[in-house]
1. Using θ = phi - 60° and the Karplus form 6.51 cos²θ - 1.76 cosθ + 1.60, what ³J(HN,Hα) does each residue of segment 48-58 get, whole Hz, x for Gly and Pro?
2. Whole-Hz Karplus ³J(HN,Hα) for segment 163-178, in order, using 6.51 cos²θ - 1.76 cosθ + 1.60 and θ = phi - 60°, x for Gly and Pro?
3. Considering amide H positions built from the backbone, and no H for Pro or chain starts, which residues 5 or more places from Ile46, or on another chain, come under 5 Å of its amide H?
4. From the residues Ser275, Leu218, Leu257, which one has its Cα farthest along the dipole of segment 204-296 in the positive direction, the dipole being from +1 and -1 charges on Cβ of Lys/Arg and Asp/Glu about the Cα centre?
5. Averaged across orientations, what area in nm² does the convex hull of the alpha carbons in segment 204-296 project?
6. When ranked by the protection proxy of mean other Cβ atoms within 10 Å per residue, highest first, what sequence do the peptides 135-141, 75-81, 258-264 form?
7. With the contact rule set at Cα under 8 Å and sequence spacing of 6 or more, what percent relative contact order holds for segment 204-296?
8. What residues qualify as long-range amide H neighbours of Ala183, i.e. H under 5 Å apart, gap of 5 or more or another chain, H built at 1.01 Å from N?
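FYI, it's all coordinate maths here, none of it is from the lab. The shown structure was predicted, so the numbers you read here are calculated from the model rather than taken from an experiment. Reconstructed Cβ throughout: ideal geometry from the backbone, glycine too, with neighbour counts over all protein chains shown.
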Amino acid sequence: MSPTAASRPRVLSGIQPDFGLHLGNYLGALRNWARDQDRYENYFCIVDLHALTRAPDPQRLRELTLELAAMYVACGLDPARCEIFVQSHVPAHSELCWILETLTPMGWLERMTQFKARSEAQGRERVNTGVFTYPDLMAADILLYDADFVPVGEDQRQHIELCRDLANRLNSQRGDVLKVPAALISTVGARVMGLDTPDEKMSKSIAADRPGHAVMLLDPPDVVRRKIARATTDTEPAVHAPPGPGVANLLEIYAALREVSTDAALAEFDGKSYSVLKGAVADAVIDALAPIQARYAELRSDEDGLRRLLAASAQRVHVVADATLRRVQEAVGVR
Ligand code: TRP
């Protein structure tokens, strides 16, 4: 970290190593984090304990954890300016989580839309309790580092609200113990929708079932081209205003990658066939992914280097996390 970094507001965010990353993760999260890394003091976590709620194969989880760490760096997060660390390497996350659970009414967790969706899908009797207490662990991730801002997608707003409620609750009971963070929901940059479901946000888990749903960051050029060629469009014969959701999504991807406004993108393709639009979008995606994939391959060829980077970061952030944990332990009387 540069010496001035400590005077900047601190951001913390995390991604689960549960599936590979797609274009929506890049345009909606990683690219923004990288772009803003000189404005903040940066903490980016790979939340492997959260990924356990999907009961992954252990070897696969280890693999995805390293893959995601390499992806953070390949997408532009600079290890000299960002802490890049694995959640499970810092035991304070689990320890603070337990204390937060004792402060969380069941009702708060029962209202979480993510819990409701997964318990409906799997059956309430069968869904694991980690899915239920997931927001407490996420709150621990954030609160341990006194984060000012949490850059996340709109779908995570409810979790950040719960985190704020918990911090406020402890502070009102025991004096000022925790910093109350704010969500940082980017309004610029793309909200990328599914290629086959342009009315739904692009999703890692859907992409794992249906490859045509998303361009993955590690897709080779021919796969990118094929997936975009098959993306849902409108029933109109050509691009025109106002575009339907599928065409709007392609225009948005193009605009975000070529750094033009969506209006400019629409003007550029107005009256053109969908195949012209799709060819241009595929070119833009392939151009953006090439340097990421090259850097990724380099990082993966030096696995020891990658592990050293994660270990060094864990050692530094450990100190910060432990100080907060100690404050909370003292406040509640377990120290
Ligand atoms: N729940 C977040 C998601 O699914 C992942 C996450 C876990 C997270 N801990 C976090 C995000 C802390 C921001 C801060 O996207």
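1. 6, 5, 5, 5, 4, 5, 9, 6, x, 4, x
2. 3J(HN,Hα) across segment 163-178, in whole Hz: 4, 5, 4, 5, 4, 5, 5, 5, 4, 6, 7, 10, x, 5, 9, 10.
3. Phe85, Val86, Gln87
4. Looking along the dipole axis, the top candidate is Leu218.
5. Working: hull surface 24.2 nm².
Directional mean of the projected Cα hull area for segment 204-296 stands at 6.0 nm².
6. Numbers: 135-141: 25.9, 75-81: 15.4, 258-264: 12.6.
The peptides rank, most packed first, as 135-141, 75-81, 258-264.
7. Relative contact order for segment 204-296 comes out at 31 percent.
8. Excluding prolines and chain starts, which carry no amide H, the hits are Val150.
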